[in-house]
Structure formats: C-alpha cells, structure tokens
1. Does Thr488 satisfy being of a type outside the set (A, V, I, L, M), touching a residue at least 12 places away in the same chain (Cβ under 8 Å) and surrounded by 18 or more Cβ atoms within 10 Å (Cβ to Cβ)?
2. Tally the residues that are open to solvent by 40 Å² or more (accessible area, probe 1.4 Å), modelled with pLDDT of 95 or more and away from ligand 2 (no atom under 15 Å from the Cβ), restricting the search to region 666-687.
3. For region 719-734, what are the residues that are within 48 Å of the chain's Cα centre (by Cα) and assigned to a helix (DSSP H, G or I)?
4. Restricting the first residue to region 843-866 and requiring it to be away from ligand 3 (no atom under 16 Å from the Cβ), which pairs with a second residue that is open to solvent by 80 Å² or more (accessible area, probe 1.4 Å) and in a loop (DSSP other than H, G, I, E, B) meet a Cβ separation below 8 Å and a spacing of at least six or different chains?
5. So is Trp640 more than 16 Å from ligand 2 (Cβ to nearest atom) and either at pLDDT below 95 or surrounded by 15 or more Cβ atoms within 10 Å (Cβ to Cβ) (or both) or not?
6. Quick test for you: out of Arg160, Arg152, pick the one residue that is buried (at least 17 other Cβ atoms within 10 Å of the Cβ) and touching a residue at least 40 places away in the same chain (Cβ under 8 Å).
7. Check off (1) touching a strand residue (DSSP E or B) at 6+ places or on another chain (Cβ under 7 Å); (2) within 29 Å of Pro452 (Cβ to Cβ); (3) surrounded by 14 or more Cβ atoms within 10 Å (Cβ to Cβ) for Ile568 and give me the number that stays unchecked.
8. Would you tally the residues in region 711-734 being away from ligand 1 (no atom under 16 Å from the Cβ) and either over 29 Å from Tyr645 (Cα atoms) or modelled with pLDDT under 95 (or both)?
Amino acid sequence: MSKLFRILQGLVFLALFLYPHPLGAALPPPPLPKLQTVPVLRVGYVPLPGVFFKDEHGLYKGIAFEYLSTVASYMNCSLDFSPGTEEENLEKLAAGELDLVPTAMAHEEQGLASLSLGPSIGYVAFQAENEELRHKLQAAIGEVDSLAPYYRFHLLERYRPMEIPLSLTAEEKAYLTEKKVLHSLTSEGQPPYTYFKDGEHLGIIADIMEIIAKDLDISITSAPLQSSEARLHAMNTGEIDFIADLYDDYNWAAENEVWLTKPYLKIDYVAVMNRDHPLPDAPVIACARGHFYNRTYTEYHYPSSQVRYYPTMQDCLRAVHDGEADIVFTKTLTVQNDIYAGGYLNLYTPGSVVFSHFVSIGVSRHADPRLFSILNKEISHLHTQQIASILTRHAHSMGESGTLFALIYYHPMKTIALIGLGFLLLLLAMGLFFFQKRHYHKKLYHMAYTDPLTGLHNMAWLTQHLPELISQQSRLREEGKLFVMSVTLDRLAFMKETFDLKLLMESMLATLQDSRTENPWLLADGINSEGTCLYFLCCEPEGMSMRQAAEKFIRDGTVMTIGKVPTIFTHRVGLMPVPPDDDVSASWLLDCAYSAKMEAIATDQNLFIYDERLAEQYHQRQEMESLMHKALAAQEFQVWLQPKYDLATRNTLGAEALVRWESPELGFLPPGAFMDLFERNGFAVELDYYVLERVCEIQSARLKKGLPALPVSVNQSGLHITEQGYLGRMRDIMDRWKLIPGLIELEITETAFIDFTTKEQREDAAQIIDDLQAIGYSLSMDDFCTGYSSLSMLQNLPMNVMKIDRDILWEAEKSPRSMNILRHIIALGKALSMSVLVEGIETKEQEELLIKLGCDNGQGFYYARPMPVKEFYEEFLPKHS
Ligand code: C2E
Ligand code: MG
Ligand code: MG
C-alpha cells in the first residue's frame, strides 16, 4: 500500500514538473510581506514638452517631473499626477483638491506659497498654510542639492532646448563672408576619434567640423597637428585659424596663448591591462610623453617610481602587451581599435571610466576676436543628438574591424574545430581525387591496352610489354628458346558472315583459354586492331622444338566447336625466334612474325619460320620507308595506265592509273612491292593524292590541246575513309583542275568501308560516296567479291561501276557453279544500273566466257598490260579506238 502511495506521489510530482502552470495555478499564492503605506501628494501639472509631459509610451518625462519626483522620494512621498491649465491647477490647489503644482513663476496669491526648484526648472506652489509640507519640501530640496550638486545640471543637459538658434552679429557675419575658408589643425592617428587616410581628415572630430562648416556656410580645411613650436607659429602668423581638438587644460592654453571655446565633446578614459599578467600592488603606468593626462591625472595619482614614459600611445600599448608596464590609459572611443588593430589581443579593458576631459576648439589669442565668439555660439548651437549620432556611428564602424587574428584569439576552440573540419574535408577531397584519378587511370589503361571486342590485350600493350616479358625469361632467351608466333585463321571473314559474331567470338576465346591452360609455353598474347591476327610470346616446351610446338598448336585448334557445331579451321602461323643476344625492338619481332605468317599464306603453308629472305624483305621495307618521302618530292613515282575496253567492240573505254616506283636506290618497283607497306605506315594517303594530281594534270593537258580525254580511274586507299578533311581536299583538287564530271573515277575496295571494330559497314559510307559523286567523281567498287559483305554493300552504296575481281573469273572457269554465280553477279550489277567490268582477263577463253555471261567491259593482260602514259596515248590509243 505504501509502495502504491509512493508511486502516486511520484506521478503527481512528475506532472507538476511537466505541467507547472495548470497545477501551479491552483495552489494558493504565497503571503506577501506587509507594505508600509506612504503619503500620496496630488500634483496638477500643465503638459509642456521638456518641462512636464507624457511621451508616446505614456511615460512621464520632463525636467520638472524628474526633479519633483526626486524631491518627493526624499520626502518619502509618492506622487499622483493630473493634467490641467495653470489657472485650473492653481484653483484646485487653493481649494485643497491638489497638494502641489509645478509652475514657471512663483505664486504668492490666493493663500499660496512657492519654492524654487532651481534656475530653468521653475517653482513648486502649495497652500501657504501647509507649513509641514513647506518644511518637508525645503528639507528635501536642500538634501538633493547637497548630496547631488550636479543633478540639476544633468537634467538641464538632458532637457535643454532642442535647438539654440545661431544668432550672429552683423560683424560676425561679415567676418565669415570675408574669410570663407577656415584653416585648422587636428590630432591624428587615433581612429575613430581623429585620423587621416589618403590625406583626408576622418573620424568623429572631422564629422563635427563638417557640421560646423555647414552651419557657418564656410569650408574648414584640416591638417595634422605639428610640433608645438610649429603649431604656435602657424597660429600666431594667422596661417591657421584654430586647433580643432584641444583638451580643457586651461594652464596649457594660457602658456600657449590660446583661448579655449566652450567644450563640444566629453572624452572618457579607461585603463588597458594585460590579461596574462596579474596586476601587481604597485602597477607601472605607461604614459605617452607630453600627453595632457600625465600632468592632470597620472602624475597626480601615482608616485613617479610607477610612471614610465614612452614616445607614443602605440609604444605604451606595446609595453603593456610585452609586460614592461601594467596599465595604460586610453580613450573609450579608440580602445577597441588600439587593441585590435595593433594585434594586442592579450590586452583588455575592464570598461569603467577612470577619468574624463572635455574637448574644445583652441583659437589664437592674437586672432580676430570675432572668430572666438562665432565658434562659441556655433558650439552652443550644436545639438547633443547630432554629436551622439556621430559617436554611435563611429563606434559601430569600429565593431566591424575585428581581424581574423582576433577571431582566432577569442574563439580558439571554434577555430581549432573549424581548422580540423577543414583539414578533414581536405583529406577527404584529396582521397576522393586520388581514388577518382586511380579509377580513371585504370579505365584509361584498360581502354588503351585492351581490344574492345575480345577483351584481349591489344598490340600497343604487347609492343610495350614484350621487352620486359623477354627480359623476365633471360635464361630461356640465352638458350635460344624464346620465339614470337603470329596466328591467323583462314577464312575468318567467311566465318564471320556465317556465324553469329558474338557466338563465334565466345567460342574462339574459349578455345584460346583452353589452349593457354594446355600450353603453358604460351607466355603472353595480344590481338591486332582488326581482330584478325593473334601474336604470342612463346618458349619451346620441354622436348619439343619451336616448329613442333607450333604444329601441335595448329593441330589442337583445327576443330573448334562454335555453338554446338564442330568447325574446321586452318591456321596460318608465322614464327620468329627471339635472338639470344642481339638487342632487337619489340615491333621488329612482331613484324617478322607477321611477315613469316604472310609468307605462309602466300606459299599456302600452315607454318613459316622467318628466314634470311624475309629478313632481306624486311630490310628492304625499312629502306623504302626511309626513302619514300624523298621519292615523292623527287617525282620518282610514275603513273602507268592500263586500258579498259568494250568486250564486244574491243574499243578502249578508258584506263586505270597504276603507280610504279622508279627508284635510283631500289630499282623499278610495282605497287605490290610497296603499297602494302605504305598502307600500313599511312604514306598511301599522300601517294594517292600525288597520283590523282598527275592524272588530273594529264586530263587537263589533253583537254587544253583539244584532244579526246577518256575517263581514267585512280585507286584510293581505304585510309582515306577515315582521313580528316578527305572530302575537302578532294573538292579542292576538282575545283583546281576544273574537269568535266566523270573524267576521273575513284576505285575504292569494298573493305575500305568496313569499320574494323564493329566489323560493320561504316555509318557514314553512303554519305561519303554521295559527297564524292556530288563533287564530280565517278565511283567504282574495286576487287568486288573479295570482301565478306559484298551484297550488303551493293544495297547501301550507290557506286557507278562494279569491278569484279579476277579471282571470281578464275573460279568461274573451273566450276559451272561459280560460273553461275558470276553470271548472276553481272546481272545484278546491271540491274542496279552499274557499269560492270571484270579485271584480270588473260585469255581469249576468259573473254569469250565473259561475253557469254553478259559482261560488257574488261581489263587484263590479254588486251593490254599497264604502260607509261606517253605510250598509252601515243602508241596504244591510236590503234585501239
Ligand atoms: P588493282 O586496283 O586491283 O589493280 C589491278 C591490278 O591487277 C594491277 O596490278 C594490274 O597490273 C593487275 N592486272 C591487270 N590485268 C591483269 C591480268 O590480266 N592478270 C593479272 N595477274 N594481273 C592483272 P598492279 O599495277 O601491280 O597494282 C596492284 C594493286 O596495287 C592495285 O590493284 C591497287 O590495289 C594497288 N595500286 C596500284 N596503284 C595504286 C595507287 O595509285 N594507289 C593505291 N592506293 N593503290 C594502288
Ligand atoms: Mg584498281
Ligand atoms: Mg582490282
């Protein structure tokens, strides 16, 4: 039971804690202490701004109200106010309805009496017979006056009339009209009190001077205060008219023959100390030499042993900062700037005012007395609110000048946290950056060194890494057991047409993977960009020669399962032994293996090992490369023409331009000897332009002579299709030679339009054909039927001529089936409105067969071999047209 009670008690307590108001309100209020009642005096007042009035918040204000209230508090009475006119109030007072009436004048009539509250405040009237009240009032007024003698003046200052008019005499006005400009000197280097920036006087004193200038309708110039002699001299000679800010040190003024005006500003001083050093019992005071307060305050209050002098105020602050001195006195107006701008952040001020002084304008005693009088009047005319707003504005502007250093000093923990956070963020950003960079590099590396279709290493990778891979196998190399193997699958193009490309690739890659596992002597591999040739770095396996290992590789890979279909492949393999000691380049080794493989294809073998003859060829290729540019410039390349003819009439229809190289170093070379190399090194592009220009030149020369010009075809390397600016250059050539459209035919092989990466026809192929035709070239599809997508090409590429390869002709001779195919190809070409030509006609039988199959045009040794241009036009053509 008691447990339950305790729980309930706890719940009530909790509820009281959570909901103090509703439950608390129900509790009885605590008993109040008994108040002593004070007598209430009824006061009737005349509402008058500045004297006795209610402000916009309904609060009583005014000099008479405040003074009377203070007096009442000394009488231990409270006051109850009611407004009325002076007559009403006085009548009520006489009738005993009021006790006190503050008035402007003394009233002694109608049984009333008055007491003075002081000049500018007025009187207070009461019933003359109320002696007790008179005594109480007199005592209270006397007490206020003796205890707070300045109180009345504070009130006067606070409630002084808003505006004292500026009334200048005619002489004073004349003085100003005559002077127009007053020159002044002022203290400097004490922002925001008074300072110069870029020669301009700024700060509180400057702003006050501006008001004075405006009021007097003159301008005032200001210059920094010079040494005391220079200053006196300038004042005495009338060079300057006054000193804008002088301390109210009348002794100094007398010594320097200066009159001081009525003060216009009060300056308070505070002590500045070092927070790191506790104040000793006898603190050392730092004084700026020559400063007024040394005499009036410091030296007066401290023994000379405690006073240390420094040249400037800044030196004093530095001394306290460094611990040399303990206290320096500085103005409240400048203390913030002194501490922050100087960076003395260990200094502080307790804030209480230690002493004050007034600031006056100093006028030379030798100057025109009108000036002193004008300035005094103007200072009286200055409104306290004007000065107050200047002070507030400058104090506010100083608040913004906290330095970063100050921020750190006053918020060390926040600063450390912020720096820590910044550092962490920086670390994070750097981490992210490096991670991204690594990721990006990895991606780039992958892109640069991987074949996109198969994912195998590409030739760039193999060429770059081969030397390192070879040097890792230095022992095998020394034993002559390292070799490079180049492998191509025969009829790969056909396979790509037959099988699904993806399936074919997957099967081939799987076979390659098996082969790698089974033959650990395949050390590394890479694939060429066309995806037609694999290269391996190999070592002779135990108990096998290089040849035997390669033969095993060929045997193992003969049957490859594509999907579920076992398919037979013929490998063409080129082998290149890595020389045991010679320093050879990777690309040379790969080129040699390639050449050996090409030799295997050319000689219809499975395998060929690089030998002296191929080495000779290789060197010849290198020589060709070193000579080709010079050869082009020296016009060593010649254009030969092979006629094309009408099979039915045997008339010459045109010719094909075929390049020959008459080299002084290498002898006379047919294109078969160099074209392949130039295709690989890109030189074919420049050579083609050269041939085209020569052919245009020949055509143009014949036209100029009025001779008949037959269409001449020019071979175009497949490299042009991807060449930057190809169409522009072709247009330029046509524009330059101004030939009739159709006089130049371009022979492009169908494979030129295949993108090797996708193995698809390039998307822009049809556009290129269109553009070339629009420029004025006819287009001929060279070596038709040797590629692997001839039919789809026909569908997409609107060419003018179909040039059927001689291989098809030879096949047609051998089998009726192939003959049938050729017949249909010819018919198809014609149906597509193409001119059909078969090249490589060598025999009469071939010619007859083609006529029988419906072919119209031919080209071949049977009719004429390629010949020099001169021979073609001068000897051949006259007999065959
Ligand atoms: P192509 O464009 O197919 O030129 C026909 C080739 O077959 C020429 O070989 C020609 O001499 C040869 N030919 C003509 N009739 C017969 C024949 O009855 N029997 C045999 N066996 N061959 C015949 P050529 O002049 O050696 O040119 C070979 C290849 O070089 C050309 O094949 C062409 O692809 C390329 N070529 C020649 N000149 C240039 C050229 O200026 N630029 C480019 N890019 N390639 C060129
Ligand atoms: Mg050709
Ligand atoms: Mg051809």
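1. So Thr488 fits the description; yes.
2. Number satisfying all stated conditions: 2.
3. Within region 719-734, Leu719, His720, Ile721, Thr722, Tyr726, Leu727, Gly728, Arg729, Met730, Arg731, Asp732, Ile733 qualify.
4. Ile851/Ala648; Asp856/Ala648
5. Spelling it out, it is not the case that Trp640 is more than 16 Å from ligand 2 (Cβ to nearest atom) and either at pLDDT below 95 or surrounded by 15 or more Cβ atoms within 10 Å (Cβ to Cβ) (or both).
6. Of Arg160, Arg152, the one residue that is buried (at least 17 other Cβ atoms within 10 Å of the Cβ) and touching a residue at least 40 places away in the same chain (Cβ under 8 Å) is Arg152.
7. Answer for Ile568: the failing condition is (3).
8. Summing the residues that are away from ligand 1 (no atom under 16 Å from the Cβ) and either over 29 Å from Tyr645 (Cα atoms) or modelled with pLDDT under 95 (or both) in region 711-734 gives 5.
The values are calculated or read from the model by the stated rules, or taken from the named source; none is laboratory data. In this text the structure is predicted, and so the values were computed from the model without any measurement. Note that each Cβ is placed from the backbone with ideal geometry, even for glycine, and that neighbours are counted across all protein chains shown. Surface accessibility is based on the protein's heavy atoms, side chains included, excluding ligands, DNA and RNA. Shrake-Rupley method; radii C 1.70, N 1.55, O 1.52, S 1.80 Å.
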